[in-house]
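Notes to accompany the following structure.
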Amino acid sequence: MTDLSATEARSPAQLVTQWLLRNHIWVFLVLTMVVFSFSSPYFLTLNNLGNILTQGAFIGILAIGMTMVMIDGEIDLSVGAILALASALAIGLQDHMGVWPAVLLGLLSGTALGFLNGTLVALSGMHSFIVTLGGLIGIRGLVFVYSGENALMVPDFSYTEIPELYLGPVSLTAMIFFALAFLFQWVLSSTRHGRETYAVGDNIEAAHDAGINVKRHKIINFTICGTLAAVCGILLSMRLGTAEPNAGKIWELWTIIAVVLGGTRLQGGYGSIWMTIGGVLTLAVLRNGLRLLNTPNYVELMVMGAVLILALALDKLLNSREGT
């Protein structure tokens, strides 16, 4: 009764403020687009907007898997290294087994490493930060060993023509990103696995008492995350026609920034793929706009750091408001 009367007593200004805080990422996205449209005559061109979608799609595919893991209250720092390994296998094995078997093996490598991460987290009791940090270092080292510390070139450049399919300004890579985003938003909002994801992240003890197999659940989400990292690596290898040992380096940080920008909480239990899309697009717009203005790389890093701090501050503000 008290909660109902408190809700009814809120003024229109308070309701608008609450809506803006909950949908802050879309407000921020619109503001950044307005600023860059006035700052550069090239920003709002159809070609550049298509480039933003394509550039954002790579981080976006990683961010979908990361969102699933972070809603669980976990984190995966190994996605950039898994991306690099899948990319290297997809190109390096083509001479030995053909294009599509090599691509399939690259994809399965991500699935296997995601499963391994999830199993170690679930069965060892170690925090996922430590487990996946070890994975980041170990898998990246494996990529350097496999590639001989050199970039691997695709033997047949028809491989690079695959992602050149466009629907207007929207590339195949961007279309795959949005298709995966809608699929996993449906999983979160309309399936038992999605409901259990929120339950595990919100209160792991209560989820266990409710009959949820928490260990199996976390393994599944880490496996999804690893698989999507491999998908990203394969698409990147198709677009570039090469696999660099350092491919995807620090992309795990960009991914976490995008997911946190979208409002997914680091402690778990709250978030959505829909909002993650907003975080991904905002990050892509910021990076693209700063580069159009010929901003030095270190300034870009400073801006991204400031954006992450802002996102964390908004997250804390929302938490404190809900607690009152």
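Check segment 240-256 and report whether any residue there is in contact with a helix residue (DSSP H, G or I) (Cβ under 8 Å, 6 or more places away or on another chain), more than 30 Å from TYR146 (Cβ to Cβ) and not aromatic (Phe, Trp, Tyr). Within segment 240-256 (the criterion being in contact with a helix residue (DSSP H, G or I) (Cβ under 8 Å, 6 or more places away or on another chain), more than 30 Å from TYR146 (Cβ to Cβ) and not aromatic (Phe, Trp, Tyr)), the answer is no, since none of the residues qualifies.
If you go through segment 221-239 one residue at a time, do you hit one that is free of Cβ contacts under 8 Å to residues at least 12 places away in the same chain, farther than 20 Å from GLY125 by Cα and of a type outside the set (Asp, Glu)? No, segment 221-239 contains no residue that is free of Cβ contacts under 8 Å to residues at least 12 places away in the same chain, farther than 20 Å from GLY125 by Cα and of a type outside the set (Asp, Glu). Beta carbons closer than 7 Å, at least 6 apart along the sequence or on distinct chains, pair a first residue in segment 243-270 that is closer than 25 Å to VAL27 by Cβ and in contact (Cβ under 8 Å) with a residue 40 or more places away in the chain with a second that is in a loop (DSSP other than H, G, I, E, B) and charged (D, E, K, R) for GLY268/ASP72.
Looking only at segment 243-299, residues that are small (Gly, Ala, Ser) and either modelled with pLDDT under 90 or in contact with a Lys or Arg (Cβ under 9 Å, 6 or more places away or on another chain) (or both) come to 6 in all. Taking segment 1-51 as the region of interest, the helices (runs of 4 or more DSSP H) fully inside it that hold 3 or more residues being modelled with pLDDT of 75 or more are 24-39.
Filter segment 80-95 down to the residues that are touching a Pro at 6+ places or on another chain (Cβ under 7 Å) and surrounded by fewer than 24 Cβ atoms within 10 Å (Cβ to Cβ), then identify the one that is farthest from ILE137 (Cα to Cα). The residue in question is ASP95. Residues in segment 31-58 that are over 22 Å from GLY168 (Cα atoms), hydrophobic (A, V, I, L, M, F, W, C) and surrounded by fewer than 20 Cβ atoms within 10 Å (Cβ to Cβ): LEU31, VAL34, VAL35, PHE38.
Of the residues making up segment 187-244, just one is at positive phi and open to solvent by less than 20 Å² (accessible area, probe 1.4 Å), namely GLY241.
Of all residues in segment 144-203, those satisfying the criterion of being among the small types (Gly, Ala, Ser), within 16 Å of GLY241 (Cβ to Cβ) and either outside any helix (DSSP H, G or I) or without any contact (Cβ under 8 Å) to a residue 24 or more places away in the chain (or both) are ALA151, SER158, SER171. Within segment 139-182, the set of residues being surrounded by fewer than 17 Cβ atoms within 10 Å (Cβ to Cβ), of a type in the set (Phe, Trp, Tyr) and more than 17 Å from ALA84 (Cα to Cα) comprises PHE157, TYR166, PHE178, PHE182. Taken as a whole, segment 193-200 holds at least one residue that is under 21 Å from VAL121 (Cα atoms) and hydrophobic (A, V, I, L, M, F, W, C).
All conditions but one from (1) surrounded by fewer than 24 Cβ atoms within 10 Å (Cβ to Cβ); (2) within 30 Å of VAL145 (Cα to Cα) apply to GLY278; the one that does not is (2).
Summed over segment 192-203, the residues that are hydroxyl-bearing (Ser, Thr, Tyr) and more than 14 Å from ASN221 (Cα to Cα) give a count of 0. Of the residues screened, GLU205 is one that is more than 28 Å from ALA90 (Cβ to Cβ), out of contact with any Gly (no Cβ under 6 Å at 6 or more places or on another chain) and charged (D, E, K, R).
The values are calculated or read from the model by the stated rules, or taken from the named source; none is laboratory data. Please read all numbers here as calculations on a predicted model, not as lab measurements. With ideal geometry, Cβ positions are generated from the backbone for all residues, glycine too; neighbour counts draw on all protein chains shown. All accessible areas refer to the heavy atoms of the entire protein, side chains included, with ligands and DNA or RNA removed. Shrake-Rupley method; radii C 1.70, N 1.55, O 1.52, S 1.80 Å.
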